[in-house]
Amino acid sequence: MCNLSWSKNVNEIVSTHGYSQNQIVVWRYPAMAKLATLTGHTLRVLYLAVSPDGQTIVTGAGVGQLARASAARPPVHVCVHGCSLGHC
(Lines give C-alpha, C1' and ligand atoms only; values in the text may rest on other atoms or scores of the structure.)
Protein backbone atom coordinates (compact mmCIF):
# COMPACT_ATOMS: atom_id res chain seq x y z
CA MET A 1 0.00 0.00 0.00
CA CYS A 2 1.33 3.42 -0.95
CA ASN A 3 -1.43 5.84 0.20
CA LEU A 4 -4.56 5.85 2.33
CA SER A 5 -7.18 8.62 2.45
CA TRP A 6 -10.41 8.78 4.45
CA SER A 7 -13.39 10.57 2.92
CA LYS A 8 -14.60 13.61 4.81
CA ASN A 9 -18.10 13.23 3.35
CA VAL A 10 -19.00 9.52 3.46
CA ASN A 11 -17.73 6.35 5.14
CA GLU A 12 -15.22 5.46 2.44
CA ILE A 13 -11.47 4.99 2.23
CA VAL A 14 -9.25 5.20 -0.88
CA SER A 15 -6.04 3.18 -1.00
CA THR A 16 -3.35 3.14 -3.68
CA HIS A 17 -1.03 0.24 -4.38
CA GLY A 18 2.11 -0.79 -6.18
CA TYR A 19 3.43 -4.09 -7.42
CA SER A 20 1.89 -6.07 -8.92
CA GLN A 21 -1.36 -4.40 -9.97
CA ASN A 22 -0.64 -0.67 -9.44
CA GLN A 23 -4.27 -0.03 -8.58
CA ILE A 24 -6.55 2.34 -6.70
CA VAL A 25 -9.22 0.80 -4.46
CA VAL A 26 -12.28 2.47 -2.92
CA TRP A 27 -13.51 0.78 0.27
CA ARG A 28 -16.77 1.12 2.26
CA TYR A 29 -15.97 1.63 5.96
CA PRO A 30 -16.41 -0.06 8.47
CA ALA A 31 -17.32 -3.21 6.46
CA MET A 32 -14.16 -2.81 4.35
CA ALA A 33 -16.06 -3.95 1.27
CA LYS A 34 -14.49 -3.05 -2.08
CA LEU A 35 -16.64 -0.54 -3.93
CA ALA A 36 -14.33 -0.03 -6.91
CA THR A 37 -10.95 -1.12 -8.21
CA LEU A 38 -9.33 1.28 -10.66
CA THR A 39 -6.45 0.33 -12.90
CA GLY A 40 -4.43 2.07 -15.57
CA HIS A 41 -1.14 3.03 -13.96
CA THR A 42 1.84 1.02 -15.18
CA LEU A 43 3.96 1.84 -12.10
CA ARG A 44 3.13 1.97 -8.39
CA VAL A 45 0.73 4.74 -7.40
CA LEU A 46 2.90 7.01 -5.26
CA TYR A 47 0.68 10.09 -4.90
CA LEU A 48 -2.99 10.63 -4.02
CA ALA A 49 -5.03 13.82 -3.70
CA VAL A 50 -8.78 14.13 -3.05
CA SER A 51 -10.84 17.15 -4.10
CA PRO A 52 -12.47 19.19 -1.31
CA ASP A 53 -15.94 17.88 -2.26
CA GLY A 54 -14.66 14.28 -2.20
CA GLN A 55 -15.93 13.56 -5.72
CA THR A 56 -12.62 13.44 -7.60
CA ILE A 57 -9.25 11.88 -6.91
CA VAL A 58 -5.98 12.49 -8.69
CA THR A 59 -3.18 9.97 -8.49
CA GLY A 60 0.41 10.00 -9.66
CA ALA A 61 2.87 7.30 -10.54
CA GLY A 62 6.42 7.23 -11.87
CA VAL A 63 7.51 8.65 -15.23
CA GLY A 64 4.98 11.48 -15.11
CA GLN A 65 1.78 9.42 -15.08
CA LEU A 66 -1.27 11.21 -13.68
CA ALA A 67 -4.79 9.80 -13.41
CA ARG A 68 -8.11 11.39 -12.50
CA ALA A 69 -11.15 9.46 -11.29
CA SER A 70 -14.55 10.97 -10.69
CA ALA A 71 -17.45 9.61 -8.68
CA ALA A 72 -19.77 12.03 -10.48
CA ARG A 73 -20.00 9.99 -13.68
CA PRO A 74 -20.60 6.32 -13.03
CA PRO A 75 -19.04 3.95 -13.74
CA VAL A 76 -15.88 5.40 -12.25
CA HIS A 77 -13.66 6.53 -15.10
CA VAL A 78 -9.89 6.82 -14.90
CA CYS A 79 -7.84 8.85 -17.34
CA VAL A 80 -4.12 8.17 -17.40
CA HIS A 81 -1.79 10.64 -19.05
CA GLY A 82 1.87 10.50 -19.88
CA CYS A 83 4.29 13.32 -19.20
CA SER A 84 1.73 16.03 -20.02
CA LEU A 85 -1.90 16.36 -18.98
CA GLY A 86 -4.64 15.89 -21.56
CA HIS A 87 -8.42 15.96 -21.32
CA CYS A 88 -10.68 13.05 -20.39
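Just a few scattered comments:
- Yes/no for T42 being polar (S, T, N, Q) and surrounded by 12 or more Cβ atoms within 10 Å (Cβ to Cβ): no
- Residue that is nearest to V10 (Cα to Cα) [pool: residues in the range 21-57 that are in a strand (DSSP E or B) and among the hydroxyl-bearing types (S, T, Y)]: T56
- Positions within the range 10-27 being out of contact with any Phe, Trp or Tyr (no Cβ under 9 Å at 6 or more places or on another chain), farther than 16 Å from A67 by Cα and surrounded by 15 or more Cβ atoms within 10 Å (Cβ to Cβ), in sequence order: W27
- Checking the stated criteria, S7 turns out to be at pLDDT below 90, of a type in the set (S, T, Y) and surrounded by 11 or more Cβ atoms within 10 Å (Cβ to Cβ).
- Which numbered condition G18 misses (of (1) without any contact (Cβ under 8 Å) to a residue 40 or more places away in the chain; (2) touching a Cys at 6+ places or on another chain (Cβ under 6 Å); (3) not in a loop (DSSP other than H, G, I, E, B)): (3)
- The one condition in (1) at pLDDT 90 or above; (2) of a type outside the set (A, V, I, L, M); (3) closer than 14 Å to Q65 by Cα that K34 fails to fulfil: (3)
The values are calculated or read from the model by the stated rules, or taken from the named source; none is laboratory data. Bear in mind the structure is a predicted one, so any value in this text is a computation, not a measurement. With ideal geometry, Cβ positions are generated from the backbone for all residues, glycine too; neighbour counts draw on all protein chains shown.
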